[in-house]
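One structure below.
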Amino acid sequence: MHCASSVTPLEALLAYSSIASAFGNVGQANYAAGNASLDSLSTVRRTRGCAAVSVQWGAWAGGGMARSDARIEAAMVAGGWGLVGVREGVGALAW
């Protein structure tokens, strides 16, 4: 995508990332690193004058990876992290 857009510039590039890139994800370093690479690509593109933005999503309520373990979801809420409601998250994607 990045190389192809050097031939035909993009008006916009939106990457969906995870807050795991900033705060890690216990037991899933590869997931955190993959998301951090999306964030880094967006930063590099912007410094070169190309269009790019990366949105770091938090955990979704009622679904997603945090739901696989109720303790993780409870710890996030107890730590002050809100969960993205399905309606709000899908609404944001409809932007």
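The values are calculated or read from the model by the stated rules, or taken from the named source; none is laboratory data. Model, not experiment: these values are computed from the prediction. Virtual Cβ from ideal backbone geometry, glycine too; neighbours counted across all protein chains shown. These accessible areas exclude ligands, DNA and RNA; they are computed on the full protein's heavy atoms, side chains included. Shrake-Rupley method; radii C 1.70, N 1.55, O 1.52, S 1.80 Å.
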Search region 18-31 for residues being surrounded by 15 or more Cβ atoms within 10 Å (Cβ to Cβ) and under 13 Å from residue 59 (Cα atoms), and hand back the single one that is farthest from the chain's Cα centre (by Cα). 25
Got at least one residue in region 76-84 being without any contact (Cβ under 8 Å) to a residue 24 or more places away in the chain, within 16 Å of residue 26 (Cα to Cα), in a helix (DSSP H, G or I) and open to solvent by less than 50 Å² (accessible area, probe 1.4 Å)? yes
Boolean, residue 5 is among the polar types (S, T, N, Q), open to solvent by less than 60 Å² (accessible area, probe 1.4 Å), touching a residue at least 40 places away in the same chain (Cβ under 8 Å) and not in a helix (DSSP H, G or I): no
Pull out all pairs, ordered by first then second residue, where Cβ-Cβ is under 9 Å, the residues are six or more apart or on different chains, the first lies in region 25-39 and is assigned to a loop (DSSP other than H, G, I, E, B), and the second is open to solvent by 60 Å² or more (accessible area, probe 1.4 Å) and aliphatic (A, V, I, L, M). 25/65; 26/72; 28/65
Failed criterion for residue 54 (all others in (1) in contact with a helix residue (DSSP H, G or I) (Cβ under 6 Å, 6 or more places away or on another chain); (2) within 30 Å of residue 7 (Cα to Cα); (3) surrounded by fewer than 17 Cβ atoms within 10 Å (Cβ to Cβ) hold): (3)
